[in-house]
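Some notes on the structure that comes next.
The values are calculated or read from the model by the stated rules, or taken from the named source; none is laboratory data. The shown structure was predicted, so the numbers you read here are calculated from the model rather than taken from an experiment. Cβ coordinates were reconstructed from backbone atoms using ideal geometry, including for glycine residues, and neighbour counts include every protein chain displayed.
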Amino acid sequence: MIYEDWSPIHANSHSFDSPLAGHAVSKDEKGDVKILAPAVDERTNLTGVIKTYKHPHWVVESPERFKSDIGEYEVHLSEQNAYGDWASICIDGQY
């Protein structure tokens, strides 16, 4: 599984793309999931300041999961970069 972590960014200002990407693996694809270190992790300095952003699709696409379309993030200094959507590639059967 490939995932993004939006926690350190104001997602609205970064096209909902993240500076943090990682992956998790499971031998049987059903359990015993091991989360590996992020492939990309360019966090900057934490400030302790929590702000919010509005996500345009959360409640519409997944009302059972999201009760609100408001997300939170911790402000970082300097501002976080965003790199675009992440995708996995396969080389000789290995992702």
For the stretch 1-10 the number of residues that are out of contact with any helix residue (DSSP H, G or I) (no Cβ under 9 Å at 6 or more places or on another chain) and either buried (at least 18 other Cβ atoms within 10 Å of the Cβ) or among the charged types (D, E, K, R) (or both) is 4
Residue count, the stretch 54-75, condition of a type in the set (Ser, Thr, Tyr) and not in a loop (DSSP other than H, G, I, E, B), comes to 1
Quiz item: Going by the structure shown, is Glu79 more than 15 Å from the chain's Cα centre (by Cα) and more than 28 Å from Ile89 (Cβ to Cβ)?
Solution: yes
Of the residues in the stretch 14-53 that are outside any loop (DSSP other than H, G, I, E, B) and touching a residue at least 40 places away in the same chain (Cβ under 8 Å), the one that is farthest from Asn81 (Cα to Cα) is His23
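One line per residue, one yes/no per condition, for (1) modelled with pLDDT under 80; (2) within 15 Å of the chain's Cα centre (by Cα):
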position	(1), (2)
Val40	yes, yes
Leu46	no, no
His55	no, yes
Val60	no, no
Glu64	no, no
Asp69	no, no
Glu74	no, yes
Ile89	yes, no
